[in-house]
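Everything below concerns the one structure shown next.
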Amino acid sequence: MKSKVLSLLTSAIALSLSVASAIPAFAQSTPAPTPTQHKQHKDFLNLTADQKAQMKQIRQTERTTIDNILTADQKAQLEAERQSYKANHTQANRNMSAPAERRAMHRDPFASLNLSAEQRSQIEAAHTTAKQQMDALLTPAQRQQIQQHMKQHQANQNR
């Protein structure tokens with residue numbers, strides 16, 4: 001059960017990240033993208049301004065919901081991990097050569113918070129709701145693009 005919840009949380013986070021920011025998984029010899037390349041990759045879905053605004057609102061609602069589930073100590077720890085991730089993400093991607101190192105950057109951000117079973121269940125529900133809401137905003141063509149992107153992402157990770 002615990003691995004199922006963790007798997008679902010990880011999948012929801014991965015989808016949120018791919019839809020929200022489409023962070024590329026770089027091949028071993030691929031240099032860090034230029035700002036132009038990153039923007040092109042980030043915008044691969046060609047979301048409309050309305051879709052972008054609605055996605056942002058869904059992510060904000062999900063984050064608020066999760067923050068309301070966590071204790072003050074857990075919130076502080078999660079925020080510290082978020083800040084550390086942001087600070088290290090760009091530089092780490094440039095220095096990473098192995099797929100395992102890249103995967104480590106996208107680990108479960110809740111793993112170290114010692115969540116109760118009830119908290120995990122509530123967070124899982126929040127992620128599921130957000131995923132469903134985001135998916136509902138997409139056109140069939142955009143959903144297909146995400147599926148192709150995820151397949152490519154997985155292939156790059158297995159190199």
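With the crude spin-label approximation of a point 7 Å out along Cα→Cβ, what separation in nm comes out for Arg82 versus Asp135? About 2.5 nm separates the two model spin labels. Near Lys151, once Lys and Arg are set to +1 and Asp and Glu to -1 for all other residues with Cβ below 14 Å from its Cβ, the sum equals +2.
None of the figures in this text is laboratory data; all of them are computed from the coordinates on show. All of these numbers come straight from a predicted model, not from anything done at the bench. No Cβ is skipped: glycine too gets one built from the backbone with ideal geometry, and neighbour counts run over all protein chains shown.
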